Every structure is written in C-alpha cells, then in structure tokens.
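Undergrad: Take this structure, written in structure tokens, and hold onto it; I'll ask about it next.
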Amino acid sequence: MSTVDRRAVAACQQLFADFAKTSDAPLYADLAAGIAEDPQLAGLLLGAPPSQRLPVLLFASVHWLLLGDPAAPLARFYPNLPLPLEVPGAGRTAAIDAFRAFCVERSGELTELLSTRHTQTNEIGRSALLLPSLATVGREVGDIVHVDVGASAGLNLLIPHYDFAYDPGGALASGSAVTITCATRGHVPVPATVPSIVAAIGIDSNPLDVGDPAQARWLEACVWPDQVERFERLQAAIEIANEVGVDVRRADAVESVADLVQEAAASGHPVVTTSWVMNYLLDGERQRFVAALDRAGLERDLSWVIVESPALCPDLPGMPPARSGPKQPTAVVEVRWRGGHREARYVADAHPHGRWLHWR
C-alpha cells in the first residue's frame with residue numbers, strides 16, 4: 001500500500017465529506033472528514049478492488065455490520081438505528097473515535113466485505129420520476145409491460161403497489177405501506193390512476209434477492225443513515241416485494257434487452273426504463289444498447305424512459321447538453337419507436353433520488 005494510494009483515497013474521502021454536507025448527511029460528512037485525516041482509516045479502502053475504492057463502500061460495509069449489531073457503541077451515532085446518541089454536545093470527534101474503534105474491533109469482517117462487495121442501491125423514489133411517463137405511454141397504447149434494466153432487487157417494478165404524493169399535482173392513494181412523495185414544478189402529467197402494467201420484468205448483472213435477509217440487509221446498508229425516512233421506506237418496500245414477488249433475472253443489459261422486449265411484446269406494449277444505470281456501461285456498451293433497441297424498434301413499437309445523468313451519459317438519445325458545475329439535475333427523456341421511427345424528447349429535470357420533478 002503506497003503512500004500515493006493512501007493519499008488518493010484520503011482525498012476522495014474529503015471530496016465526499018464536502019458533498020455529504022450538502023446532501024442531508026451530516027454524520028457521513030463528519031466521518032468522511034475524519035477519515036481523510038487518518039491514514040489508517042483512509043487505507044482501509046485499499047483492500048477493495050480499484051474500481052470500488054469509494055467512500056460509500058466503506059460506509060455501507062460498516063453500516064451492514066451495525067445493522068447486525070445495533071448495540072455496538074458506534075450505532076448510537078446512527079439516526080436510523082434504535083439507540084440514537086443521547087450525549088449532549090457529542091459531535092465529530094466522538095463519532096470518528098467510535099468509528100475507528102469499531103473498524104479495529106471488526107477488522108476481519110470489514111476486510112472481507114470491502115474485498116467482495118460493491119455498493120448497490122434500489123432507490124424507489126425514482127418510481128415517482130418514472131410514473132408520469134409510464135402513464136403517458138399507457139394512455140396512448142393501453143396495456144404496458146415494464147422492463148427495468150439495472151433493476152437491482154426489482155423494487156421499482158412495484159409501482160402499482162405504491163402510493164404517490166405529488167406536491168402540487170395530486171395523490172394516488174390505495175392504502176399502501178409505502179408513499180413516495182415528490183415536489184413538482186411545471187405541468188407534470190400526474191395520472192389519476194396507475195397505468196395498466198400487466199407484467200413487470202427486471203434484469204441486473206448482480207441482482208439482489210430481498211427474500212434473503214443478508215441480501216436485504218446489504219440493500220439497507222447502502223442507504224445513508226441520516227436519511228431515516230428513506231431507510232424506513234426501503235424496509236417497507238422490501239416487505240411488499242416479499243409479499244407480492246418480483247421477477248428479476250441475472251442478465252447482461254446489452255445482450256438481453258432485445259430478447260426482453262420481444263418477450264414483453266407478447267403481453268403488452270414494452271416500456272424499457274433505466275435510472276442511473278447507463279453510467280455504469282462504457283461508452284461503446286451504451287451505443288450497443290441503443291442500437292439493440294433501434295433494431296427492436298424496427299420490428300415493433302416500444303418506448304424507453306431514461307432517468308440518467310447528462311454529464312455521465314451524454315451520448316443517449318435526447319439527452320440535454322451537460323452543464324458546468326457539480327450539481328446538474330438528472331434528466332428525464334422519453335424515447336419512442338413508432339412505425340420503425342425513433343423520437344426522443346427531453347421532458348424534465350429531476351432530483352437523482354426522486355425528491356422533485358421539474359417538467360419542461
């Protein structure tokens with residue numbers, strides 16, 4: 001482990017600390033700043049594969065261990081765990097000291113997690129970004145089949161089982177244990193009812209099975225502990241998934257998407273969705289993915305709802321130009337193949353986790 005490597009991961013922690021300060025994550029902001037100043041803690045990430053040496057992997061690994069040991073002293077600093085900190089005035093120093101002690105005590109398990117895991121979220125807030133476009137397609141074509149690429153555990157396939165509250169814009173309430181709230185601006189086409197989704201299929205290169213408690217716990221661990229409502233909402237969504245079931249398959253996005261479209265077309269109009277997954281494909285792979293949908297669109301009508309970063313995926317159809325600055329919104333783009341012709345429309349800006357949706 002070279003000094004250069006340690007400095008690199010320490011610098012990455014400091015950048016993450018600055019980001020977390022503006023992202024409703026004060027605990028992770030304090031911890032990341034402390035890690036950046038501690039060569040031993042910063043060096044922990046050197047046990048991860050080079051592509052995974054990210055602060056969020058270290059935090060998810062520690063969070064995973066704490067979820068299995070909520071009586072640990074460090075757990076008192078985590079707002080989503082049962083015993084929140086009660087000591088007045090305890091702040092960054094106390095938190096980083098407890099974090100350091102926990103990492104030393106659980107070093108063997110932590111080393112294994114860092115070397116074998118990668119962060120994987122299944123942010124169901126993005127369902128609020130997908131729903132208006134799915135409903136627009138549904139009004140046009142009738143029954144639709146939802147094909148979610150990069151589905152993780154498949155929780156965004158459960159749109160018919162969630163309630164939604166758009167402010168302003170209205171609510172879709174059915175008594176679900178999960179309500180997804182989304183602030184709106186502009187004329188967002190909020191539907192009165194959920195569209196007719198007659199089937200839903202997800203694919204992922206490394207899907208998680210939330211029926212397995214250990215895998216469900218890893219999904220929970222990837223949520224930032226300061227965001228308690230988001231954490232509890234995920235737990236409720238996992239319960240729904242286990243009650244109604246989800247169809248998520250291990251498959252390569254580029255190689256399988258055309259076959260999935262063909263399978264979906266047997267039951268309804270295929271609507272492919274991608275949300276913060278195309279950035280994990282290389283430029284050439286994204287181009288091949290689009291080409292596969294273009295070929296499928298020559299044979300049948302289909303739609304694609306894109307919720308992706310313009311800065312990371314500038315080559316996707318209809319994607320707006322990347323803006324300068326670190327906080328460009330996520331773009332929502334509707335792509336349609338009708339009669340063999342493709343049309344792409346950039347329709348909205350959005351928060352990456354679905355907190356708000358601004359229609360153009």
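The values are calculated or read from the model by the stated rules, or taken from the named source; none is laboratory data. It should be emphasised that the depicted structure is a prediction, and the values quoted were computed from it without experimental measurement. Cβ placement follows ideal geometry from the backbone for every residue including glycine, while neighbour counts extend to all protein chains displayed.
Undergrad: Would you mind telling me which numbered condition in (1) buried (at least 17 other Cβ atoms within 10 Å of the Cβ); (2) over 25 Å from Gly268 (Cβ atoms); (3) touching a Ser or Thr at 6+ places or on another chain (Cβ under 8 Å); (4) of a type outside the set (A, V, I, L, M) Tyr162 fails?
TA: That leaves (2) as the condition not met.
Undergrad: Quick one: is Val145 at pLDDT 95 or above, part of a strand (DSSP E or B) and outside the structural domain of Tyr28 (by TED's automatic domain parsing)?
TA: So Val145 fits the description; yes.
Undergrad: Of everything in the stretch 46-60 that's over 13 Å from Tyr28 (Cβ atoms) and out of contact with any Cys (no Cβ under 8 Å at 6 or more places or on another chain), which residue is surrounded by the most Cβ atoms within 10 Å (Cβ to Cβ)?
TA: The residue in question is Ala48.
Undergrad: Scan the stretch 158-209 for residues that are modelled with pLDDT under 95, small (Gly, Ala, Ser) and under 20 Å from the mean Cα position of the chain (by Cα) and jot them down.
TA: Once the filter is applied, which keeps residues that are modelled with pLDDT under 95, small (Gly, Ala, Ser) and under 20 Å from the mean Cα position of the chain (by Cα), the stretch 158-209 yields only Ser205.
Undergrad: While we're here: The conditions are (1) surrounded by 15 or more Cβ atoms within 10 Å (Cβ to Cβ); (2) in contact with a Phe, Trp or Tyr (Cβ under 9 Å, 6 or more places away or on another chain), and Leu298 fails exactly one of them. Which is it?
TA: With respect to (1) surrounded by 15 or more Cβ atoms within 10 Å (Cβ to Cβ); (2) in contact with a Phe, Trp or Tyr (Cβ under 9 Å, 6 or more places away or on another chain), Leu298 is out only on (1).
Undergrad: Go through the residues of the stretch 166-187 one by one and say whether even a single one is farther than 21 Å from Cys222 by Cα, small (Gly, Ala, Ser), touching a His at 6+ places or on another chain (Cβ under 7 Å) and in the same structural domain as Pro270 (by TED's automatic domain parsing).
TA: Yes, the stretch 166-187 contains a residue that is farther than 21 Å from Cys222 by Cα, small (Gly, Ala, Ser), touching a His at 6+ places or on another chain (Cβ under 7 Å) and in the same structural domain as Pro270 (by TED's automatic domain parsing).
Undergrad: Another one. Quick check: anything in the stretch 252-272 outside any strand (DSSP E or B), among the hydroxyl-bearing types (Ser, Thr, Tyr), under 22 Å from Asn206 (Cα atoms) and modelled with pLDDT under 95?
TA: No; the residues of the stretch 252-272 include none that is outside any strand (DSSP E or B), among the hydroxyl-bearing types (Ser, Thr, Tyr), under 22 Å from Asn206 (Cα atoms) and modelled with pLDDT under 95.
Conditions (1) within 27 Å of Glu140 (Cα to Cα); (2) touching a residue at least 12 places away in the same chain (Cβ under 8 Å); (3) within 17 Å of the chain's Cα centre (by Cα); (4) buried (at least 20 other Cβ atoms within 10 Å of the Cβ), marked per residue:
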residue: Asp283; (1), (2), (3), (4): no, yes, no, no
residue: Val305; (1), (2), (3), (4): yes, yes, yes, yes
residue: Leu316; (1), (2), (3), (4): yes, yes, no, yes
residue: Ala344; (1), (2), (3), (4): yes, yes, no, no
residue: Val347; (1), (2), (3), (4): yes, yes, no, yes
residue: Ala350; (1), (2), (3), (4): yes, yes, yes, yes
residue: Gly354; (1), (2), (3), (4): yes, yes, yes, yes
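Undergrad: With respect to Asp212, determine if the residue is more than 16 Å from the chain's Cα centre (by Cα), within 29 Å of Ser303 (Cβ to Cβ) and surrounded by fewer than 16 Cβ atoms within 10 Å (Cβ to Cβ). Spell out the reasoning first.
TA: Numbers: more than 16 Å from the chain's Cα centre (by Cα): yes; within 29 Å of Ser303 (Cβ to Cβ): no; surrounded by fewer than 16 Cβ atoms within 10 Å (Cβ to Cβ): yes.
Spelling it out, it is not the case that Asp212 is more than 16 Å from the chain's Cα centre (by Cα), within 29 Å of Ser303 (Cβ to Cβ) and surrounded by fewer than 16 Cβ atoms within 10 Å (Cβ to Cβ).
Undergrad: Hey, Asn122 hits all of (1) out of contact with any strand residue (DSSP E or B) (no Cβ under 8 Å at 6 or more places or on another chain); (2) touching a residue at least 24 places away in the same chain (Cβ under 8 Å); (3) assigned to a helix (DSSP H, G or I); (4) closer than 30 Å to Arg336 by Cβ but one; which does it fall short on?
TA: Unmet for Asn122, out of (1) out of contact with any strand residue (DSSP E or B) (no Cβ under 8 Å at 6 or more places or on another chain); (2) touching a residue at least 24 places away in the same chain (Cβ under 8 Å); (3) assigned to a helix (DSSP H, G or I); (4) closer than 30 Å to Arg336 by Cβ: (3).
Undergrad: Report whether or not Arg100 is surrounded by fewer than 19 Cβ atoms within 10 Å (Cβ to Cβ) and basic (Lys, Arg).
TA: yes
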